[in-house]
Amino acid sequence: MKEAFLLGNGAIALGLLEGGCQVVTSYPGTPSSEILPEVVRFVKSENLKTYTEWSTNEKVALDNAYAAAVSGKRAACCMKQVGLNVAADSLMSAAYMGTTGALVVVSCDDPGPHSSQTEQDTRLMARLAKVPVLDPSNPREAREMAKLALDLSQKFKIPVILRPGIRVCHARQNFSWESFSVGGKPAVFEKNPARWAATPRFRFLLHRELNEKLVQISKKFDRLRGVNEHNLTKNTKYPLGIVAGGVPYSVVKDLFTESRREDIPILKLGAPYPFPERLAKQFLRACKKVLVLEETDTVIEYFLRDRKKVLGRLSGHVPSEGELLPGVIARVINNVLEDLGIPPMAVSGNPEVQELVKNLNLPIRKPTLCPGCPHRASFFAIRKVQPKAIFTSDIGCYTLGLNLGGVDTCLDMGAGITMASGFYQAFAQDGVEQPIVATMGDSTFFHSGTAGLLNAVYNGARFILVLLDNDTTAMTGMQPTPALGIRADGSTGKAIPLERVVAGCGVDFIEVVDPYDIKAMTTLLKKAKAYVASPDGGIAVVIARHPCVIAYRDRAIPEKRPVTVTDDCDECGFCHQRFECPALYPDAEIGHTSVNKSICADCGVCTQICPKGAIVGA
Amino acid sequence: MKTINFVLSGLGGQGILFLTRVLAQCALDKGIPVLGAETHGMAQRGGSVVSHLRTGDVESSLVREGTAHFLLALEENEAYRNLAVLSEKGTLCVNASGNPFPKDSVRPYLEKMKIQSRALPVGKIALELNAPLAANSGLLGVFAALENTPFAKADIRATIARLSPKRFQDLNLKVFDACLEKTSAT
Ligand code: SF4
Ligand code: SF4
């Protein structure tokens, strides 16, 4: 027997492989990013043949896994909830066409949100696409549900979504397992154009088939012990029952164990769609009122149609945004209990502490670019050359260019470019030449930059695009990019230089610079600016290339250049506000800025930015 | 099995995950099941980072307000920020920068809740020992010196040694020992 203290994402990886998954694809995104690396780890340690890949985006990941699933294999693709938006087109169609093997779409939700642009609920996407969804309450259950999802998918020939919340993905729990192997059939694709290339007329038939599958699965979900179940005692009536799924279920369970409450029954819905109608009806019949606790939106609540009986978000009892933290759940339940005249749970905690902490006015800790981060130098140079530009940006560490005034918009993956061309056209229409500087990371560019760039070139937009090329997907934990040419399992793949892709999009101005050299970068940006404005100019692409200091400690700063601040510093605050390196701080003891040696990366970049020349090599 | 709740707080980059892993491993080595929650993503870039760790038979990973037995903070403000998690008679270990800890405005609350606090400038001690990244091991030293820790000092020390990357092992232990000794002495 083997043992490990696994991340929830590791438990999902383990479950997928134990369930015989032969193909796993993914695009990284918090909180899903660790699933694929954990799969790779198990593939190596258990000596499996499962194919793994970092795909260039979530749609690509889903399509690749889907092809395996219609070749009779068991496949999974993993992404974050907003990634599923990118893959939604594929998902909707795949639901109609079905599978011959299995396809599990792991889509990780981020209530809070902690690291996402929305709090959207993947279960609603499952409902929209008409595919079953499983909602684990902790890592242990996620492992079991990964296997269950594969089995369900294979049995009913339908894609199945596994929707772990961030508190499952980034929880850690101790696990043990026996050695296993991944068997499975060799690929067989049986041609059947009426299904695999169905025209609208056949789509109607496929839709009917899908609806029939859902009826069958709903019946199965009525009897899915351990996943969908209640703890009612026969012939008993209750003033209140709780319906909960996913992470909120585990919280309620612990709360009731801790406060020894056996008087309130729970209906657990770990498989909320297709909705287990019969089971829910049974539960509702036994309870006078039911309180629904689910994350993040209303799915179960919508299916429980009796608005007089059902309490939840629609009735205003449960907050409609933010995470259902244990404290929130305890308060919601106690409020309802009090409303109904039932004794509340005895929960510890002293309410006055919130007020006390609030009055301390603690500094908000904004995330910032790391000390030595090359993006900081890039944003500094951009602001210097184009102070009045609109700065469209994108998703990654560099969104934190916000703190340097270098990011005005961040819509979604790829919008750094598409919003730049949109702004250009909106202003150009009025005869206004609005300067625009777009920023985008290397991985984001491969994910969804090209279509937008092609469009911008084709339609004659003009702006500067700075590709922040740090040789990695930093924000999500340093996954390789196609430019690096290292594949998910660490083997060598073909490296595709950014320059070639940019040139292929029809861009004529492409230059590379090391942003650590701020002077060189500003000179190049001025040249780019002139090109954009010239009569036959267009889009200028500046590739700001320097490795991420976290991913490549040695390569990023091959020569340490420690710095110190002289008494010429008059504490003007320029380096804090405009350069914002966290290693530079106003030192009350000496009356001017100092370097925090414990976090300084010795990159030496700040020596180029102080207007008084007070930051010098040590 | 009695549940013990830990909350560990600090800033991204301070090594909270290592701290969490050491405590979890100490419990696992005693055969106690562990469930915890970590912070990944955006906040790891210097934002407030919190880890939760629960030992015993539990289903959910987050420690509810008012139920943490131990709060270990790598920074004073992060200790204050997470004060609400501590239960009555809970214990607070903090890396204090040199300011008196706790603040006067907080002291009455700690007294009323019978929360015991241990503050030591572990960051400074680590820096003096030329190990700026080992403040987390230092805080474990403060924790190990408590009378009410659930794990033996030697076990915590051995676990740090086992989980440290080779090149940091000696430094981590040096800082741990120094902070353990300084806390025991006070
Ligand atoms: S991880 Fe890399 S890219 Fe991200 S902020 Fe730090 S240095 Fe910059
Ligand atoms: S050398 Fe300057 S810019 Fe670089 S990390 Fe240190 S303080 Fe920050």
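Values in this text are rule-based calculations from the coordinates and carry no lab data. Because the structure is a prediction, the values reported are computed rather than measured. Cβ sites come from the backbone with ideal geometry, for glycine too, and all protein chains shown count toward neighbours.
Using a/c under 1.5 as the rounded threshold, could you call segment B:48-101 rounded, prolate or oblate? The axes a ≥ b ≥ c are square roots of the C-alpha gyration tensor eigenvalues, and prolate needs a/b larger than b/c, oblate otherwise.
Details: a/c = 2.48, a/b = 1.94, b/c = 1.28.
Note, shape of segment B:48-101 comes out prolate.
Taking only C-alpha pairs under 8 Å that are 6+ residues apart, what is the relative contact order of chain A in percent? Intermediate results must be reported in sequence, preceding the final value.
Working: 1275 pairs, mean separation 65.1, N = 618.
Reported as a whole number, the value is 11 percent.
Using +1 on the beta carbon of Lys and Arg, -1 on that of Asp and Glu, and nothing else charged, what's the dipole of segment B:4-185 about the Cα centre, debye to 20?
Details: 20 positive and 17 negative charges, 37 e Å.
So the dipole magnitude of segment B:4-185 works out to roughly 180 debye.
Would you give the gap between the C-alpha center of segment A:494-533 and the C-alpha center of segment A:188-261, rounded to a whole Å?
Cα centroid of segment A:494-533 versus Cα centroid of segment A:188-261: 52 Å apart.
Mind listing the long-range amide H neighbours of A:N596? Cut-off is under 5 Å, sequence gap 5 or more, other chains count too, H placed in the peptide plane at 1.01 Å from N.
Residues meeting the criterion, in which the H sits 1.01 Å from N, are A:L584, A:Y585.
Taking chymotrypsin sites (Phe, Trp or Tyr not before Pro) as candidate sites, keep only those in a DSSP loop with at most 16 other Cβ atoms within 10 Å, then name the longest stretch of chain A containing none of them.
A:190-551
Please list, in order, the residues from segment B:86-101 whose amide nitrogen is less than 12 Å from a point placed 7 Å along the Cα→Cβ vector of A:L356.
Counting only backbone N, you get B:86-90.
Given B:G15, B:V106, B:L62, which one lies farthest toward the positive end of the charge dipole of segment B:4-185, if we put +1 on the Cβ of every Lys and Arg and -1 on the Cβ of every Asp and Glu?
Going by the charge dipole, the pick is B:G15.
Counting only DSSP beta bridges with both residues in segment B:1-86, tell me the antiparallel percent, nearest 5.
Details: 12 of 17 bridges.
Bridges in segment B:1-86 are about 70 percent antiparallel.
Considering only DSSP states other than H, G, I, E and B, which GluC sites (Glu not before Pro) in segment A:277-378 qualify as loop sites with at most 15 other Cβ atoms within 10 Å?
Passing both the DSSP loop test and the Cβ count: A:E321.
Answer with one residue from B:G47, A:V43, A:T233: the one whose Cα lies farthest towards the positive end of the charge dipole of the protein assembly as shown, charges on Cβ with Lys, Arg +1 and Asp, Glu -1.
Final value for the positive-end residue is A:T233.
Let me know the shape class of chain B, please: from the alpha-carbon gyration tensor, a ≥ b ≥ c as square roots of the eigenvalues, rounded when a/c is under 1.5, otherwise prolate if a/b is greater than b/c, or oblate.
Working: a/c = 1.31, a/b = 1.06, b/c = 1.23.
Because its axes are fairly even, with a/c under 1.5, chain B counts as rounded.
Near B:E88, within a Cβ-to-Cβ distance under 14 Å, what is the net charge of the other residues, with Lys and Arg +1 and Asp and Glu -1?
Numbers: positive: B:R64, B:K89, B:K112, B:K114; negative: A:E352, B:E65, B:E111.
Overall, the nearby charge balance is +1.
Residue separation times 0.36 nm, minus the C-alpha to C-alpha distance between A:N596 and A:L340: what's the value?
On the way: separation 256, 0.36 × 256 = 92.16 nm, distance 5.67 nm.
That works out to 86.5 nm of additional length.
With axes computed from alpha carbons, what is the tilt in degrees of helix A:277-286 against the longest principal axis of chain A, rounded to the nearest 10 within 0 to 90?
Helix A:277-286 sits at roughly 70 degrees to that axis.
Report the calculated FRET efficiency for A:C572 and A:K527 (r = Cβ-Cβ distance, R0 = 25 Å), to the nearest 0.05. Intermediate values should be presented prior to the final figure.
Working: r = 30 Å, r/R0 = 1.19.
With a Förster radius of 25 Å, E is 0.25.
Largest first, please: the extent of the C-alpha atoms of the protein assembly as shown along each principal axis, to the nearest Å.
So the extents along the principal axes, rounded to whole Å, are 83, 75, 53.
Among the listed pairs A:K44/A:K253; B:K2/B:K112; A:K529/A:K597; A:K185/A:K220; A:K213/A:K289; A:K44/A:K494, give every one whose C-alpha distance is greater than 28 Å. Please report the intermediate quantities before stating the final value.
Details: A:K44/A:K253 37 Å; B:K2/B:K112 25 Å; A:K529/A:K597 37 Å; A:K185/A:K220 26 Å; A:K213/A:K289 32 Å; A:K44/A:K494 22 Å.
Flagged as over cut-off: A:K44/A:K253; A:K529/A:K597; A:K213/A:K289.
Using modelled backbone amide H atoms (1.01 Å from N, in-plane), which distant-in-sequence or interchain residues come within less than 5 Å of A:G372's amide H?
A:A601
Please give every one of the aspartates and glutamates within straight-line cross-link reach of A:K526, meaning a C-alpha to C-alpha distance under 13 Å, and leave out same-chain neighbours fewer than 8 residues apart.
By straight Cα distance, A:K526 reaches A:E511.
Please give the helix A:518-533 orientation as an angle from the longest Cα principal axis of chain A, in degrees from 0 to 90, rounded to the nearest 10.
80
Over 5 Å intervals from 0, what percent of Cα-Cα pairs in segment A:563-617 sits in each interval?
4, 22, 38, 28, 8
Restrict the search to segment A:290-372; then list the trypsin sites (Lys or Arg not before Pro) that DSSP places in a loop and that have at most 16 other Cβ atoms within 10 Å of their Cβ. Numbers along the way, then the final one.
Numbers: sites: A:R305, A:R307, A:K308, A:K309, A:R313, A:R331, A:K358, A:R365; in loops: A:R305, A:R307, A:K308, A:K309, A:R313, A:R365.
Passing sites in segment A:290-372 are A:R305, A:R307, A:K308, A:K309.
Starting from the amide H of A:A87, placed 1.01 Å from N in the peptide plane, find each other amide H under 5 Å away whose residue is 5 or more places distant or on another chain.
For A:A87, whose amide H was placed from the backbone, the distant partners under 5 Å are A:K59.
Place a +1 charge on the Cβ of each Lys and Arg in the protein assembly as shown and a -1 charge on the Cβ of each Asp and Glu, then give the dipole magnitude about the Cα centre in debye, rounded to the nearest 20. Before the final figure, lay out each step's value.
Values: 91 positive and 81 negative charges, 477 e Å.
Rounded to the nearest 20 debye, it is 2300 debye.
Quick check: net charge around A:L311, other residues with Cβ under 15 Å of its Cβ, Lys/Arg +1 and Asp/Glu -1? Don't jump to the answer; show the numbers that get you there.
On the way: positive: A:K288, A:K289, A:R305, A:R307, A:K308, A:K309, A:R313, A:R331; negative: A:E294, A:E301, A:D306, A:E338, A:D339.
Computed value for this residue: +3.
Please work out the C-alpha center-to-center distance from segment B:135-185 to segment A:108-177 and express it in whole Å.
Result: 38 Å between the Cα centres.
Using Stokes-Einstein with the Kirkwood hydrodynamic radius over Cα pairs, what translational diffusion coefficient do you get for segment A:302-395 at 4 °C and a viscosity of 1.567 mPa s, in µm²/s rounded to a whole number? Before the final figure, lay out the partial values.
Values: Rh = 18.9 Å.
Once the numbers are plugged in, D ends up at 69 µm²/s.
What does the helix-only formula give at 222 nm for chain B: each DSSP H stretch with n ≥ 4 adding -39500 (n - 2.57), the total divided by the residues, and the result rounded to the nearest 500 deg cm²/dmol? If you can, show how the numbers build up before the last one.
Working: 7 runs with 74 residues, N = 186.
Rounded to the nearest 500, it is -12000 deg cm²/dmol.
Kindly provide the helix-only [θ] at 222 nm of chain A, computed as the sum of -39,500 (n - 2.57) over DSSP H runs of four or more divided by all residues, to the nearest 500 deg cm²/dmol?
Details: 22 runs with 225 residues, N = 618.
Helix-only estimate at 222 nm: -11000 deg cm²/dmol.
With axes computed from alpha carbons, what is the tilt in degrees of helix A:415-428 against the longest principal axis of chain A, rounded to the nearest 10 within 0 to 90?
60
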